[in-house]
Amino acid sequence: MDILLNNIDATISGKNCQICYEDVTIDNYVLWCISDTWKLSEFCCDCVTQMIETMGKKYLQDIKNADCEKSLFRLLEADFPIYITDTGNIFGNKVDSLYFNNKVHSPLLTYDFPSSELLIIQHELDLLRKKILSSEVDYLSLIKDFINKFNI
Ligand SMILES: [Zn+2]
């Protein structure tokens, strides 16, 4: 990370955030660590902060609101997101650590549940996925039970 920080002006020069298209500047750049390698994020710190705030909640809402078997199965193909990813969607690579505004930040997504409950939800979703993807079951009622159980 030190090498990146020492050359940060050159690293961010001419870059734009791939979500909001703002110029990446010394005030809004984000570094992130993925598989032990630090690199410049393609997103600015406003967009990364927004992602952390919304990505996990959106995943659960998308499961709740999936209006066809195909879209539900697509969601269940991904692991339950606990960390921000490098693509900002559920199929990206997990980010291990974040750095912006001169500080290291947690890559944990924001949920309306305590973190202890997140692991339970992750486990239940794993079980659901196995059941739904492996056999002919009434997946709508399974999903409904899951949503009701955690009050999503
Ligand atoms: Zn942005």
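Every number in this text was worked out from the coordinates using simple rules, so none of it is lab data. It should be emphasised that the depicted structure is a prediction, and the values quoted were computed from it without experimental measurement. Here Cβ is always computed from backbone atoms with ideal geometry, including for glycine, and neighbour counts include all displayed protein chains.
Which of Y83, L140, L72 sits closest to the plus end of the dipole of the chain, meaning its Cα is farthest towards the positive end, when Lys and Arg get +1 and Asp and Glu get -1 on the C-beta?
Positive-end residue among those listed: L140.
At R0 = 22 Å, how high is the FRET efficiency between K70 and K144 if r is their beta carbon distance? Nearest 0.05 is fine.
0.75
Quick check for me: using +1 on Lys/Arg Cβ and -1 on Asp/Glu Cβ, what's the dipole size of the chain about its Cα centre, in debye to the nearest 20?
Here the chain has a charge dipole of around 340 debye.
Determine the alpha carbon to alpha carbon distance for each of K57/K144; K70/K144; K15/K57; K39/K103 and list only those over 23 Å.
Result: K15/K57 exceed 23 Å.
Using a Förster distance of 25 angstrom, determine the FRET efficiency expected from the C-beta separation of K131 and K58, and round it to 0.05.
0.60
Can you give the calculated 222 nm mean residue ellipticity of the chain, where each DSSP H run of n ≥ 4 adds -39,500 (n - 2.57) and the sum is split over every residue, rounded to the nearest 500 deg cm²/dmol?
Mean residue ellipticity, 222 nm, calculated: -14500 deg cm²/dmol.
Net charge around Y21, counting only other residues with Cβ within less than 15 Å of its Cβ (Lys, Arg = +1; Asp, Glu = -1)?
Working: positive: K15; negative: E22, D23, E42, D46.
Overall, the nearby charge balance is -3.
May I have the pair-distance distribution P(r) for the range 2-150, computed from all Cα-Cα distances with 10 Å bins from 0 and rounded to whole percent?
11, 36, 28, 17, 8, 1
Please compute the contact order of the chain in relative form: average sequence separation of alpha-carbon pairs under 8 Å and at least six residues apart, divided by the residue count, as a percent.
Worked out over the chain, it gives 21 percent.
Skipping prolines and chain starts, which residues have an amide H placed within reach, meaning under 5 Å, of the one on D96, given they are 5 or more residues away or on another chain?
For D96, the qualifying residues are C33, I34, S35.
Just to be sure I understand the model, the point goes 7 Å from the Cα along the line to the Cβ. What's the resulting D112 to E22 distance in nm?
2.7 nm
How would F91, F73, F80 line up from fewest to most surrounding beta-carbon atoms within 10 angstrom?
The order, fewest Cβ neighbours first, is F91, F73, F80.
Count the net charge of all other residues whose Cβ sits under 14 Å from the Cβ of L4, scoring Lys and Arg as +1 and Asp and Glu as -1.
Charge balance near L4 sits at -1.
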